[in-house]
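Notes for the one structure printed next.
The values are calculated or read from the model by the stated rules, or taken from the named source; none is laboratory data. Owing to the predicted nature of the structure, the values given are computational and were not obtained by experimental measurement. Because the Cβ atoms are built from the backbone with ideal geometry, glycine has one as well, and the counts that use them run over all protein chains shown.
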Amino acid sequence: MKQLGIKKLYYSISEVSKITGLEQYVLRYWESEFEQLKPAKNRAGNRIYTNRDIKLILHIKKLLRDERYTIEGAKQVIAAYSPDSGTGEQLELLQEPAAAPPTPEAARPPDTRLRTDIIEIKKFLEELLVRLA
């Protein structure tokens, strides 16, 4: 049983994946792209993330997903970023999102949705061709 008074200092990649809502392969890829993101490894060679690492990941996620930075642009912003490392708060795992009620479009058979999507793409491409000509 988990004691409420003890705060966790290190998190595994699976825990960080649940906390941040990112896939593990994305976390590993970001390590190769962002030099500031270098989690330590334990004796077994598994990544161990600190609260500081997780805050950096959440900041990178915000830049890339919400603010629509490119990786190069995010690298420039991250170069000046330094998360405060001493707060020590306990991070919570993200809950699985509740299934949204099906929209009318989602209720249509896949063939009908696919056909509608293809028609929209065709219209877009025709308009683009007219603009380029």
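A few notes on this one:
- Unmet requirement for Leu22, which otherwise passes all of (1) surrounded by 13 or more Cβ atoms within 10 Å (Cβ to Cβ); (2) closer than 20 Å to Ser82 by Cβ; (3) of a type outside the set (Lys, Arg): (2)
- All of (1) at pLDDT 70 or above; (2) surrounded by fewer than 10 Cβ atoms within 10 Å (Cβ to Cβ) hold for Arg28 with one exception: (2).
- Within region 51-76, if we keep just the residues that are surrounded by fewer than 17 Cβ atoms within 10 Å (Cβ to Cβ) and polar (S, T, N, Q), the residue that is farthest from Lys8 (Cα to Cα) turns out to be Thr70.
- Residues (among the charged types (D, E, K, R) and in contact with a Lys or Arg (Cβ under 8 Å, 6 or more places away or on another chain)) located in region 36-52: Lys41, Arg47
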